[in-house]
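> Below: one structure in structure tokens.
The values are calculated or read from the model by the stated rules, or taken from the named source; none is laboratory data. Being a predicted model, the structure only gives us computed values, none of them experimental. Note that each Cβ is placed from the backbone with ideal geometry, even for glycine, and that neighbours are counted across all protein chains shown.
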């Protein structure tokens, strides 16, 4: 085992999360062992378990951190067009999904019924929906509620479609992005007073 570096508790936890994220990205959830995380991090299993009492706890912390980073990278600009904002947000998520395929599949399949993981994903989708609502021209509460329902359904659609794409890759990344954008633009057009993507030829 490599010599243990003296780190503050916060730095140690961050180091363990980084190691965990790397291992969960590199192998299926069931193949990642806590003893491998400890070895890779250069710490004892006892120290690892003091920070994270189980593999599930470590994965949940890794996935929460990833969700926070994705939300930070998905800041919608009111000056940009709706399609530009959607493309930017989707690309940020696609980049993460591709780099962390095993972790994404674990969260959506192996741990699909886990309340902690599902709460992380639900909170992220709710935050994205709130941000999109904030940049759309919504005149009244009735329209706000209708668009909110469409966005909620669309975000779940994107999640399911992306998981399937990671598994089978039935289309290109560009086709996937255009499909996702086209779905929400098509759903919003009947509700909004002006076309949300009048210049988007693929819509």
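> Starting from residues that are more than 24 Å from residue 56 (Cα to Cα) and surrounded by 18 or more Cβ atoms within 10 Å (Cβ to Cβ), keep the ones in segment 110-134 and report whichever is modelled with the lowest pLDDT.
It comes out as 132.
> Give just the number: which of (1) surrounded by 14 or more Cβ atoms within 10 Å (Cβ to Cβ); (2) touching a helix residue (DSSP H, G or I) at 6+ places or on another chain (Cβ under 8 Å); (3) free of Cβ contacts under 8 Å to residues at least 60 places away in the same chain does residue 156 not satisfy?
(1)
> Out of 77, 91, I need the residue that is at pLDDT below 90 and either in contact with a strand residue (DSSP E or B) (Cβ under 9 Å, 6 or more places away or on another chain) or in the same structural domain as residue 175 (by the TED database) (or both). Which one? Give the steps one after another, and end with the answer.
Numbers: 91 fails: at pLDDT below 90.
So the residue among 77, 91 that is at pLDDT below 90 and either in contact with a strand residue (DSSP E or B) (Cβ under 9 Å, 6 or more places away or on another chain) or in the same structural domain as residue 175 (by the TED database) (or both) is 77.
Yes/no per residue for (1) over 16 Å from the mean Cα position of the chain (by Cα); (2) within 23 Å of residue 176 (Cβ to Cβ):
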{"site": "60", "(1), (2)": "no, no"}
{"site": "75", "(1), (2)": "no, yes"}
{"site": "78", "(1), (2)": "yes, no"}
{"site": "108", "(1), (2)": "no, yes"}
{"site": "113", "(1), (2)": "yes, no"}
{"site": "124", "(1), (2)": "no, yes"}
{"site": "134", "(1), (2)": "yes, no"}
{"site": "144", "(1), (2)": "yes, no"}
{"site": "155", "(1), (2)": "no, yes"}
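> Also, I was wondering about something else. Just to be sure before I move on: is residue 46 at pLDDT 95 or above, surrounded by 15 or more Cβ atoms within 10 Å (Cβ to Cβ) and outside the structural domain of residue 97 (by the TED database) in the structure I sent? Before you say what the answer is, go through the steps one by one.
Details: at pLDDT 95 or above: yes; surrounded by 15 or more Cβ atoms within 10 Å (Cβ to Cβ): no; outside the structural domain of residue 97 (by the TED database): yes.
It is false that residue 46 is at pLDDT 95 or above, surrounded by 15 or more Cβ atoms within 10 Å (Cβ to Cβ) and outside the structural domain of residue 97 (by the TED database).
> Now for a different question. Among the numbered conditions (1) touching a helix residue (DSSP H, G or I) at 6+ places or on another chain (Cβ under 6 Å); (2) under 21 Å from residue 79 (Cβ atoms); (3) touching a residue at least 40 places away in the same chain (Cβ under 8 Å), tell me where residue 137 comes up short.
Just one mismatch for residue 137, condition (1).
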